[in-house]
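Handing you this structure, nothing more for now.
The values are calculated or read from the model by the stated rules, or taken from the named source; none is laboratory data. Being a predicted model, the structure only gives us computed values, none of them experimental. All Cβ positions, even for glycine, are placed from backbone atoms using ideal geometry, and neighbour counts span all protein chains on display. Heads up: the accessible areas ignore ligands, DNA and RNA and are worked out on the full protein's heavy atoms, side chains in. Shrake-Rupley method; radii C 1.70, N 1.55, O 1.52, S 1.80 Å.
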Amino acid sequence: MNYKAPLELVSNQHESHLKVNASVIWLHGLGSDGHDFEPIVQKLSIPNVRFILPHAPEMAVTRNSGYIMPAWYDLYGVTGSSKEDEDGIKNSQHYVNSLIQKELDRGIAAERIVIAGFSQGGAIALHTALRYPKKLGGVMALSTYLPVKTKLATEANPANAATPIFMAHGVFDDVITLDMCKISLQTLQSNHYSVSWHEYNMAHSVCMEEISDIRDFLKQCLA
């Protein structure tokens, strides 16, 4: 896979005396790119944090009639159906692991790294973080679901068994339904994960109330 260099944002980058001491790796949804959440990161305005906004590689998406678009993995039918692109999911997992390693190499402790994602990006965020071998700062799963959930119990790494998870969904979402997301929530809870659950009066999107809650979550994780 060919990956473009991720977009990187630091709220206080003009203030050289303030050092970056945490990182948030934030994955966009299907058909989008790393610029999608740039305005929201600016609204968060959290100092000392580097936001890494990767771009998914272009691939043919089966569910969309083979149309080539940025995607973290292929989709074969209705999201959450029995057939999943496990190889594609693993490829994206390995890529996110490499982004985490880059932050570690920059001197950021694993517990100061949060993995976040929206929709398909959120699925990769959950999948990757719960299997990562070092304790991470937190996970943000926005308008998404847990992929390959039948293998979570055997593949999850104990290092992130207690990592805080922020899970948010719109009650009017018709792309990934609220019911589908709640199935993922139940899977996480049955595997003893602590999930901070949030519902908003929105469709498959992000709202101002959610941005405020995200800011609070990140400040708590990275206090």
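Is the C-alpha gyration tensor of the chain telling us rounded, prolate or oblate? Criteria: a/c under 1.5 is rounded; beyond that, a/b larger than b/c is prolate, otherwise oblate. Provide the component values of the computation, followed by the final result.
On the way: a/c = 1.37, a/b = 1.30, b/c = 1.06.
It is rounded, given that a/c, with a ≥ b ≥ c, falls under 1.5.
For the chain, modelled as a Gaussian network with Cα springs under 10 Å, which listed residue fluctuates most, Thr62, Thr177, Thr128?
Thr62
Same structure, new question: Accessible surface of Ile68 in the full protein assembly, 1.4 angstrom probe, to the nearest 10 Å²?
Counting only protein heavy atoms, the figure is 100 Å².
Could you check the spin-label model distance between Glu155 and Asn97? Points 7 Å from the Cα along Cα→Cβ, value in nm.
Using points 7 Å along Cα→Cβ, the separation is 1.1 nm.
Hey, could you grab the Kirkwood Rh for the stretch 81-132? Inverse mean 1/r over distinct alpha carbon pairs, Å, one decimal. Present the calculation step by step, with values, prior to reporting the outcome.
On the way: mean 1/r = 0.0857 Å⁻¹.
Roughly 11.7 Å, rounded to one decimal.
Between Ser196 and Lys219, how high is the FRET efficiency from 1/(1 + (r/R0)^6) when r is the Cβ-Cβ distance and R₀ = 22 Å? Nearest 0.05. Write down the numbers at each step before the final one.
On the way: r = 13 Å, r/R0 = 0.60.
Efficiency computed from Cβ-Cβ geometry: 0.95.
In addition: Just to verify a number: FRET efficiency for Lys90 and Cys207, C-beta to C-beta distance, R0 = 41 Å, to 0.05? Provide the component values of the computation, followed by the final result.
Numbers: r = 32 Å, r/R0 = 0.79.
According to the calculation, E is roughly 0.80.
Who wins for biggest fluctuation among Asn97, Asn201, Asn160 in a Gaussian network model of the chain, springs between alpha carbons below 10 Å?
Comparing Asn97, Asn201, Asn160 in the GNM, the peak value goes to Asn201.
Once amide H atoms are built 1.01 Å from N in the peptide plane, which residues 5 or more positions from Leu27, or in another chain, come under 5 Å H to H?
Ala116, Gly117, Phe118
Same structure again: In units of 2.2 N^0.38 Å, what is the alpha-carbon radius of gyration of the stretch 19-85?
Details: Rg = 15.1 Å, N = 67, 2.2 N^0.38 = 10.9 Å.
My calculation over the Cα atoms of the stretch 19-85 gives 1.39.
Here is a follow-up. Considering the chain as a Gaussian network with a 10 Å cut-off on Cα pairs, which listed residue, Gly117, Gly31, Gly66, attains the greatest mean-square fluctuation?
The residue that fluctuates most here is Gly66.
How many times 2.2 N^0.38 Å is the alpha carbon radius of gyration of the stretch 145-223?
Values: Rg = 13.5 Å, N = 79, 2.2 N^0.38 = 11.6 Å.
The reported ratio for this selection is 1.16.
Return the calculated 222 nm mean residue ellipticity for the chain, to the nearest 500 deg cm²/dmol, obtained by summing -39500 (n - 2.57) across DSSP H runs with n ≥ 4 and dividing by the residue count.
Numbers: 6 runs with 68 residues, N = 223.
Value at 222 nm, helices only: -9500 deg cm²/dmol.
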